[in-house]
Amino acid sequence: MLAVVVTFAVLGVLTYQGATAPWSPVMNAWSALPTPASQLAGRSPLELQGAVLVQAKQCRNCHSLGGAGGLRGPALDDVATRLTHDQLIRQVLQGGGEMPAYGRNLSPPQVTALVAFLETLHPPGERPARNASAPAGG
C-alpha cells in the first residue's frame, strides 16, 4: 500500500513540475494564443503570411510573442535585433541549440514569408541586426 501511495505521489509531483517548469513548451499556444494584433498592424501580405506560419507551425509553443507563449526558446519580440536575415534563415532551416531544424517541414516560399515576418520583430526605433560585412547604410 505504501509503495502505491509513494508511486502516485512521485508521479503527481513530477507531472506538476513538468507542467510548470519555465523551460516547458506551452503545447496549446498555437491554438490558444493568437498572434498579438500589435504584431500584425502595418505588415505586408508576405509578412502576414509569415505571422500565420508562426501560428500554424506552432512556434509559440516554445517561443513567446507579446509576452505570451512558451519559454523554452527565446522571445521573438526582438529577434530581428539579434539575428540578421541570413542568420534567421539558417536558424529556421538548420535549427540549433534546442531548436529543431525545419528545413524539411517548410517550403522555400514559407521560409521567405516566415523570415519576412521575423525581420519585423524589433522594438520601435531600434534598427534590425545587419551583416557586419555589408556596406554601411544597407
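The values are calculated or read from the model by the stated rules, or taken from the named source; none is laboratory data. All of these numbers come straight from a predicted model, not from anything done at the bench. Using ideal geometry, Cβ is built from the backbone for each residue, glycine included, and neighbour counts are taken over all protein chains shown.
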Residue that is surrounded by the most Cβ atoms within 10 Å (Cβ to Cβ), among those in region 89-138 that are at positive phi and at pLDDT below 90: G96
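Residue check: is V79 under 30 Å from A19 (Cβ atoms) and surrounded by 18 or more Cβ atoms within 10 Å (Cβ to Cβ)? Full working, then the answer.
Numbers: under 30 Å from A19 (Cβ atoms): yes; surrounded by 18 or more Cβ atoms within 10 Å (Cβ to Cβ): yes.
Yes; evaluated as a whole, the condition is true for this residue.
I'd like the full set of residues that are among the β-branched types (V, I, T) and surrounded by 19 or more Cβ atoms within 10 Å (Cβ to Cβ), limited to region 45-72.
Looking only at region 45-72, we keep the residues that are among the β-branched types (V, I, T), and these are 52, 54.
Scanning region 45-72 gives a single hit, V54.
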Would you confirm whether or not region 70-80 contains a residue that is acidic (D, E), part of a loop (DSSP other than H, G, I, E, B) and either touching a residue at least 60 places away in the same chain (Cβ under 8 Å) or over 19 Å from L40 (Cα atoms) (or both)? no
Pairs please, first residue from region 31-60 and touching a residue at least 12 places away in the same chain (Cβ under 8 Å), second anywhere and charged (D, E, K, R) and surrounded by 15 or more Cβ atoms within 10 Å (Cβ to Cβ), Cβ atoms under 9 Å, 6+ apart in sequence or on different chains. L33/R60; T35/R60; Q39/D77; E47/E119; G50/R43; G50/E119; A51/R43; V54/R60
